[in-house]
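The structure appears below as structure tokens.
Values quoted throughout were computed directly from the atomic coordinates according to the rules given, and no laboratory measurement underlies them. Just so you know, these numbers come straight off a predicted model, no measurement behind them. When we count neighbours, we look across all protein chains shown, and the Cβ atoms used for this are built from the backbone with ideal geometry, even at glycine.
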Amino acid sequence: MAAKKAVFFDIDGTIWDFHNDIPESTIRAIKGLRENGHLAFLCSGRSRAFIRDRKLLDIGFDGIVSGCGTMIEYGGDTIFYYRLDNSFLAGILQLMKKCSVRPILEGKDYLYMNRGEFEGDPFAAKLISEMQEDLHYIEDDWGRWEVQKFSCATDHADREKLFFALEKDFDFMIHNEAVAEIVPKGYNKGFGIRKTCELIGIRLEDTFAFGDSINDLEMLKTAGTGIAMGNGTAVIKEAADYVTTSLKEDGIWNACRHFGLI
């Protein structure tokens, strides 16, 4: 019998689209590879608090790598967890305010943001709709946060000043001029895959990873086989070992068939 494989899936743009629609073929592919004895993991930049949709979770996964590798679950247990110190975080928030950066703090149980700073922002509206009472105001929980990473709106901000001040302790994923993710140094989806393999005894060469955007880059480079979605960015496609069809054109199903996972 072929060696057991571990398959890591990004969520946004890979499993589902912006409206959280999941192709039926994707559900069948993930269920099918697990029936064949392989392991399926979510591997997301989202912190665990923002991975809650039952439609997604009910597909069935063996584990979840969340917050760019800052938290790892396997078999229902948390096997790795990292969070930021709150006194350190308070200083960062004060610096962000001086730089006119609008942060969203991401943690295990809650997200934190100042809603008034994101009026008319479609992603903020999505957060408010999905998180409801688990989306807290930053000031209301001052000093009591539980945070692993940030997403930031950097339009009209002095982000160069911020990045210079934080570069010793953080890595940056620049999505565009208006959006950046800020993650503790050394943490990314690739780290999450390596740490998962170390903890559960899977060889890196026996891993596959599916992704579509900049924060999937280390994941695709780290996995034994990195697969870019057809709707992915040019950078991701260039880094991938294989480019499948788009999310809406059965990309996950087609790649799983191509590699004999189903």
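Things to note:
- Exposure proxy ranking for Trp16, Trp253, based on other Cβ atoms within 10 angstrom of each Cβ and starting from the fewest, stands as Trp16, Trp253.
- Each residue in Cys99, Cys43 was given a count of other beta-carbon atoms within 10 angstrom of its own, and listing them fewest first yields Cys99, Cys43.
- Relative contact order, percent, the range 86-184 [alpha-carbon distance under 8 Å, six or more residues apart]: 32 percent
- Annotation: extensible slack from Ala178 through Asp58 equals 39.9 nm (criterion: 0.36 nm per residue apart, minus Cα-Cα distance).
- Among residues other than Asp10 with Cβ under 10 Å from its Cβ, the summed charge is -1 (Lys and Arg +1, Asp and Glu -1).
- Rg over Rh [alpha-carbon atoms, Kirkwood Rh] for the chain: 0.97
- Cα gyration tensor category, rounded, prolate or oblate, for the range 22-81 with a/c compared to 1.5: oblate
- The gain in end-to-end length when the Asn114 to Glu238 segment is fully stretched comes to 40.9 nm, 0.36 nm per residue minus the alpha carbon separation.
- The lysines whose alpha-carbon is closer than 24 Å to the alpha-carbon of Lys185, local same-chain residues fewer than 8 away aside, are Lys97, Lys98, Lys108, Lys149, Lys161, Lys168, Lys195, Lys221.
- Between the alpha-carbon centres of the range 174-226 and the range 50-101 there is a gap of 14 Å.
- Once the Cα atoms are used to define both axes, helix 86-98 deviates from the longest principal axis of the chain by about 70 degrees.
- If R0 is taken as 22 Å, the Cβ-Cβ distance between Lys168 and Asp85 corresponds to a FRET efficiency of 0.90.
- Three-way shape call for the range 86-184 based on the alpha-carbon gyration tensor, with the a/c threshold at 1.5: oblate
- About the Cα centre, charge dipole magnitude for the chain (Lys/Arg +1, Asp/Glu -1 at Cβ), debye: 600 debye
- Remark: Val235, Val183 ranked as Val235, Val183, counting other beta-carbon atoms within 10 Å and listing the fewest first.
- Neighbourhood charge, 9 Å Cβ-Cβ cut-off, centred on Gly226 and excluding it, Lys, Arg +1 and Asp, Glu -1: -1
- Normalised by the number of residues in the chain, the mean separation of alpha-carbon contacts (under 8 Å, six or more apart) gives a relative contact order of 21 percent.
- Values of log10 I(q)/I(0), in the order q = 0.13, 0.18, 0.23 Å⁻¹, for the range 170-262 under a Debye, Cα-only, solvent-free model: -0.46, -0.83, -1.15
- Spin-label model distance (nm) - Met131 vs Ala3, 7 Å beyond Cα toward Cβ: 4.0 nm
- Cα-based helix-to-principal-axis angle, 122-131 vs the chain, degrees rounded to 10: 80 degrees
- For the chain, with +1 on Lys and Arg beta carbons and -1 on Asp and Glu, the positive-most of Asn176, Met113, Ala239 along the dipole: Ala239
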